[in-house]
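Engineer: Here's a structure for you.
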Amino acid sequence: MEKEQFMHWLSEELPESLFSQIAAQVLFRCQHCRECCRGEGYALVDEEDIHEIARALEVSHSIAKSRFTEPDPEKNPGCRILKSYGAERSCCFLDRISSRCSIYHNRPKICRSFPMLSAEPEDGNAICLYSDCLGTASFARMILEKRGDIQVQRDMQILNEQEEMRQKLKISLCIWLRRTLGQKEDADSICRITGEQPFQKNDLERYCLAYFLMTMKTDGLKDYLESGFRD
Ligand code: SF4
Ligand code: SF4
């Protein structure tokens, strides 16, 4: 793919809301409460995820598949789910003593994209607001605090007025997402095709915040903190 085609795909084919959600995921800070590693939900895995788990644990693909996964009850194509244990239905990779993920650096894509990219937001909210996720509550508080910040207002103005900065941010978000999902080669291809170096961490976070506030309604965050989040 050439740069022109890629830029067309970026601006015409991908919805703005996707970039806002990636920006939210960049800004999200997990509080390691591990609520998302147990309970009713399933950690969906595909063959690529199973391959990563097998690599991390130095077992064959078929052993990883049979030992740690089981059929997906919802029958998503090409997917299985991670096994769970106990009354709380904890993920089989949740360490019983430390309560940490024992394959954190090789965890499945769905765990890497939780919570901001894990599902379609409902009720007109900007992002999925999970009632048990401490990190989502911290995110909501941070966004509400930063809404009136002068530096953020300046950054919003820069993104509003400078098309090339918005483009650079979108390219940076695509690269960040690929790297987060462990797709390093795809990330490198985007750098090569666009000839762009992505924003470094501080600038990326700064413009993600401005972009999120520019593009998303934040009123639902207050309601979520007041009544939707179980403290
Ligand atoms: S529920 Fe949220 S804060 Fe808790 S471990 Fe999961 S992502 Fe992190
Ligand atoms: S793989 Fe790790 S991060 Fe994902 S659900 Fe299991 S314990 Fe949690």
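Each reported figure results from applying straightforward, stated rules to the coordinates on display, with no laboratory input. Every value quoted in this text rests on a predicted model; they were computed, and no experiment measured them. Don't worry about glycine lacking a Cβ; one is built from the backbone with ideal geometry, like all the others, and counts go over all protein chains shown.
Engineer: Could you work out the mean projected area of the convex hull around the alpha carbons of the chain, in square nanometres to one decimal?
Structural biologist: 14.3
Engineer: Where the centre of each part is set by its Cα atoms, how far does segment 54-74 sit from segment 21-40, in angstrom?
Structural biologist: 23
Engineer: Also, quick follow-up: To the nearest 20 Debye, how big is the dipole of segment 32-114 about its Cα centre, given +1 on the beta carbon of each Lys and Arg and -1 on that of each Asp and Glu?
Structural biologist: Rounded to the nearest 20 debye, it is 220 debye.
Engineer: What dipole magnitude, in Debye to the nearest 20, does segment 66-132 give about its Cα centre under +1 on Lys/Arg Cβ and -1 on Asp/Glu Cβ?
Structural biologist: Computed charge dipole of segment 66-132: roughly 520 debye.
Engineer: Using a 10 Å cut-off on Cβ atoms, rank the peptides 26-34, 158-166 from the highest mean neighbour count down.
Structural biologist: 26-34, 158-166
Engineer: Taking 26 Å as the cut-off for C-alpha to C-alpha distance, list the pairs among K75/K217; K109/K170; K168/K222; K65/K201; K75/K170 that go past it. Show your work: numbers first, answer last.
Structural biologist: On the way: K75/K217 34 Å; K109/K170 20 Å; K168/K222 31 Å; K65/K201 36 Å; K75/K170 33 Å.
Cα-Cα > 26 Å for K75/K217; K168/K222; K65/K201; K75/K170; rest within.
Engineer: Placing +1 at every Lys and Arg Cβ and -1 at every Asp and Glu Cβ, with all other atoms neutral, what dipole size does segment 79-230 have around its Cα centre, in debye to the nearest 20? Let's see the in-between values first.
Structural biologist: Values: 24 positive and 21 negative charges, 139 e Å.
Its charge dipole is roughly 660 debye.
Engineer: Relative to the longest principal Cα axis of the chain, at what angle does helix 16-27 sit, 0 to 90 degrees, rounded to 10?
Structural biologist: The answer is roughly 70 degrees.
Engineer: Which number comes out as Rg/Rh for segment 32-114 once both Rg and the Kirkwood Rh are worked out on C-alpha atoms?
Structural biologist: In segment 32-114, Rg relative to Rh is 0.93.
Engineer: What do you get for the angle between helix 47-57 and the principal long axis of the chain? Use alpha-carbon atoms, 0 to 90 degrees, nearest ten.
Structural biologist: That helix lies at roughly 70 degrees to the long axis.
Engineer: Placing +1 on the Cβ of each Lys and Arg and -1 on the Cβ of each Asp and Glu in the chain, which of V26, A87, G39 has its Cα farthest towards the positive end of the resulting dipole?
Structural biologist: The Cα lying farthest towards the positive end belongs to A87.
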